[in-house]
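Let me begin by presenting the structure, written as C-alpha cells, before commenting on it.
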Amino acid sequence: MSLWQLEWVRLVRSRRLVALAAVYAVFGLLGPVTARYMGDILERFGGDIVVQVPDPVPADGITQFTANANQIGLLVVVVVAAGALVIDAIPEMSIFLRTRVDGVGRLLTPRLVVSFAAAAGAFLLGLLGAWYETVVLLGSVPVAELAFGALLTFVYLGFVVALTAAIGGRLASVPATVATTVVVLLGLPLFGLVDAVGRLLPSHLLGAMDSLLRGTATWTDYLPAALLAPTVSALLVWLAVRWTARREL
Amino acid sequence: MIRVRALGKRYGDRRALDDIELTVPDGAVYGLVGPNGAGKTTLLSILAGLRRPDAGTVEISVGVGERAVLPDAPRFDKWLTAREVVGLAASLGGPVDPDRIVAVLEEAGLAETADRRVGGFSRGMLQRLGIAATLVSGPRLVILDEPAAALDPAGRREVLDVVARMRGTATVLFSSHILGDVQAVCDRVGILDHGRIRFEGAVSELLAGAGRTVYLVRVRGDARRVAERLSAREWVRSAGVAGEQVVRVEVTSLAEAEIHLVAALAEIGLPVISLEPEAVSLESVFLELTR
C-alpha cells in the first residue's frame, strides 16, 4: 500500500468521500428545485402574507446550488481535509510515518492532492446535478460561463485545502484546525469591503459563478484573484510543510 | 554506528538531557534504562530525528530509509487491516515483497488476524503489529521505545527473542524500565538518570564493576549468633541477618573470604546449609547508580 492508496482508502473506508459527495449531490439536486418552486413554497407556507417573488431564471438554479455548496459544502471540505492533513494530530501515527520518509512533503503531497480532488469531484458532481435539473426545470445556461465558473471554484477549493493544511501544520489538532480555518474563511470576505483588495482575494472567486451566468461580470473581472489564489495556495502549502517538519514529537 | 557527543536538550528551565555521550556499535543491541522522567524518550526522539537537540552532535551512519522507529504505544489508522499497515511500512522502506509481509505477520503472531481492521486490536496486538511494521523493511537501525511494556509475559518473551535475533543484522537501540529484559538481550547498556548518563558500556562491565564482596550464608540454627561472631573478624566488613537463617557477610576482599570464611563457620559450629556469593543483578546496580 502506497501513501496515495492510503489516502484513497482513508476517504472510502472512513466514509468521508460518501459524506462529501452526498452533501454536494443533495444541494445539486435541491438547488434548482428550490429556485423553480420558491414562489409556490412561500405561497403555500406564507399564510396571509403575500410575498412577490420574481419569476426564476436559469441562473437561479445554479446560484441556489452554489450558495449552499459554498457554505455547508465548504465546511464538510474543511472537515475532510483537516482529517487527512493534520499529520501530527495523533503523534504515535505520525511517528510511524515521519520516521520512514525523507521529508514531510512526501507525506503531505498525496493528502493535499487527494483532498483537493475529492472536494473538486464532489463539487463537480453537485454542479452536474444542478445543471441537469436547471435545464429541465428552468432552461439552459451558458456552458462556457458555467465551465469557467466551475474552474474558478476549483481554484478556490484548492486555496481552502491549502489553508487547512497550513493551519493544521501549525495547530496539530483537527478540531482546532477546522474551527480556525472556518473563522479565516468567514473573515476573509470582510477585507473585500475594500473594493481594491476584495477583487484580489480568493473569496472573490465564490461569487464568480453567479455573476458570470447572469452576465454582470466577465472572466477578466476574476483574473487577478484567479492568478493570486494559486500563488497564495502554494505559499500556504510551503508553510504547511515547514511548520509540520519543525514540530517536535 | 551511532555516536552522540555532548548532547543537551532543555524544556524551558528543565534540563531534560545534559552532556550525553554514548556510542552504539553497528549490529549491537543497546539497552537504555532509567527511571520515569530520566530522558529516555527525549534521547530516542532526538536519535529518531523527531526532536532537535539544543547542544551537541549526533552521528548516525544509517540513512533515513534504513531506520525504523517504534513508539511505546503504537497506533495506526483504525480502518486499515494489519496486512495493510505492514504493507504500508514495507512500501515506505523500498520494494514490497508480499512473502516478507506474511512472514513478519507470522513472526509477530498476527497471521490469523492479518485481514482484520486494527481498530479492534488490543494494546498488546498493536504492539506486535508495530514490531511487524518495524521489521518488514529489514531496517539497519531499529529504535524501540519500551517495546514489551504492553505485552503479557509470553508476548514479552517473544519480542525479546525477536530483538535478540536482530543482533548482528541490525543495530537495535531499545529502552525499557524492565531491567531483566535489558539484561537478557542487550550487549551494551546506558543508564540514564535526571538527563545524565550514569554508566555506558557493556552489560558485563557494568555488572563486574559493581561486583561487591558479599556472601550469603544459610545456616541451621541461630543466624544472629553467626553474624555476631563473624563481625568480630578483621577481614569482615559487616555481617547481619538478611532473612530467616540467612547471614549476609560483606568481606574486605574475595581472597580473604576464600581463605577464612569456611574455617570461621566451622569454628562457630552451626550446621551450614549453603554458602554463595551474592548475585549482582542489573536491577541492584541500577538502583545503586540512580539512588
**Complete:** When restricted to A:A225, A:A176, the only residue more than 17 Å from the chain's Cα centre (by Cα) and either buried (at least 23 other Cβ atoms within 10 Å of the Cβ) or within 18 Å of A:V77 (Cβ to Cβ) (or both) is A:A176
**Request:** Would you mind listing the strands (runs of 3 or more DSSP E) fully within the range B:13-104 where at least 3 residues are over 23 Å from B:A170 (Cα atoms)?
**Result:** B:14-24
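Here's the yes/no breakdown for (1) among the hydroxyl-bearing types (S, T, Y); (2) more than 30 Å from B:G65 (Cβ to Cβ):
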site	(1), (2)
A:R106	no, no
A:V114	no, no
A:G129	no, yes
A:V135	no, yes
A:V141	no, yes
A:L146	no, yes
A:L152	no, yes
A:Y156	yes, yes
**Request:** For residues that are out of contact with any Pro (no Cβ under 7 Å at 6 or more places or on another chain), of a type outside the set (G, A, S), touching a residue at least 60 places away in the same chain (Cβ under 8 Å) and part of a helix (DSSP H, G or I), tally how many sit in the range A:137-150.
**Result:** 3
**Prompt:** On the given criteria, is B:R198 open to solvent by 20 Å² or more (accessible area, probe 1.4 Å), in the same structural domain as B:P35 (by TED's automatic domain parsing) and either assigned to a strand (DSSP E or B) or of a type in the set (V, I, T) (or both)?
**Reply:** yes
**Request:** Check the range A:194-207 and report whether any residue there is assigned to a helix (DSSP H, G or I), open to solvent by 40 Å² or more (accessible area, probe 1.4 Å), modelled with pLDDT under 95 and closer than 23 Å to A:Q64 by Cβ.
**Result:** yes
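To keep it simple, each residue is scored yes or no on (1) surrounded by fewer than 20 Cβ atoms within 10 Å (Cβ to Cβ); (2) among the aliphatic types (A, V, I, L, M).
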{"position": "A:L125", "(1), (2)": "yes, yes"}
{"position": "A:G129", "(1), (2)": "no, no"}
{"position": "A:V135", "(1), (2)": "yes, yes"}
{"position": "A:A162", "(1), (2)": "no, yes"}
{"position": "A:A165", "(1), (2)": "no, yes"}
{"position": "A:G168", "(1), (2)": "no, no"}
**Request:** Can you tell me which residue within the range A:3-22, out of those that are of a type outside the set (A, V, I, L, M) and open to solvent by less than 40 Å² (accessible area, probe 1.4 Å), is farthest from the other protein chains (Cβ to nearest Cβ)?
**Result:** A:E7
**Fill in**
The condition from (1) closer than 24 Å to B:D187 by Cα; (2) open to solvent by 50 Å² or more (accessible area, probe 1.4 Å); (3) out of contact with any strand residue (DSSP E or B) (no Cβ under 7 Å at 6 or more places or on another chain); (4) at pLDDT 90 or above that B:S61 misses is numbered (4)
**Request:** Sort through B:L206, B:L287 and tell me the only one that's loosely packed, with under 15 Cβ neighbours inside 10 Å and at pLDDT below 80.
**Result:** B:L287
**Message:** Restricting to the range B:113-128, give me the number of residues that are open to solvent by 60 Å² or more (accessible area, probe 1.4 Å) and among the aliphatic types (A, V, I, L, M).
**Reply:** 0
**Request:** Determine whether the range A:28-48 contains at least one residue that is within 14 Å of chain B (Cβ to nearest Cβ) and of a type outside the set (S, T, Y).
**Result:** no
**Request:** Would you check if there is a residue in the range A:60-80 being hydrophobic (A, V, I, L, M, F, W, C), closer than 30 Å to A:E133 by Cβ, open to solvent by less than 30 Å² (accessible area, probe 1.4 Å) and over 15 Å from the mean Cα position of the chain (by Cα)?
**Result:** yes
**Asked** What number of residues within the range B:84-101 are within 29 Å of the chain's Cα centre (by Cα) and more than 11 Å from chain A (Cβ to nearest Cβ)?
**Response** 1
**Complete:** Screening B:A55, B:A103, B:A89 for residues that are of a type in the set (A, V, I, L, M), within 30 Å of B:L179 (Cβ to Cβ) and surrounded by fewer than 23 Cβ atoms within 10 Å (Cβ to Cβ) leaves only B:A55
**Request:** Taking the options A:V237, A:V184, A:V197, A:V232, name whichever one is without any contact (Cβ under 8 Å) to a residue 24 or more places away in the chain and under 17 Å from the mean Cα position of the chain (by Cα).
**Result:** A:V184
**Asked** List, please: which pairs have Cβ atoms under 7 Å, are six or more places apart or on different chains, and start with a residue in the range A:43-72 that is free of Cβ contacts under 8 Å to residues at least 24 places away in the same chain and end with one that is surrounded by 11 or more Cβ atoms within 10 Å (Cβ to Cβ)?
**Response** A:V51/A:L42; A:V53/A:M38; A:V53/A:G39; A:V53/A:L42
**Message:** Suppose we filter A:V101, A:V86, A:V136 for residues that are out of contact with any strand residue (DSSP E or B) (no Cβ under 7 Å at 6 or more places or on another chain) and more than 14 Å from chain B (Cβ to nearest Cβ); which single one remains?
**Reply:** A:V136
**Prompt:** Looking at B:D19, B:D72, which is the one that is open to solvent by 50 Å² or more (accessible area, probe 1.4 Å), within 20 Å of B:V189 (Cα to Cα) and within 10 Å of chain A (Cβ to nearest Cβ)?
**Reply:** B:D72
**Message:** Of the conditions (1) in contact with a helix residue (DSSP H, G or I) (Cβ under 6 Å, 6 or more places away or on another chain); (2) more than 10 Å from chain A (Cβ to nearest Cβ); (3) at pLDDT 90 or above, B:E106 satisfies every one except a single condition; which number is it?
**Reply:** (1)
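The values are calculated or read from the model by the stated rules, or taken from the named source; none is laboratory data. Nothing here was measured: the structure is a model prediction, and the numbers come from that model. Glycine gets a Cβ as well: all are built from the backbone with ideal geometry, and neighbour counts include every protein chain shown. Surface accessibility is based on the protein's heavy atoms, side chains included, excluding ligands, DNA and RNA. Shrake-Rupley method; radii C 1.70, N 1.55, O 1.52, S 1.80 Å.
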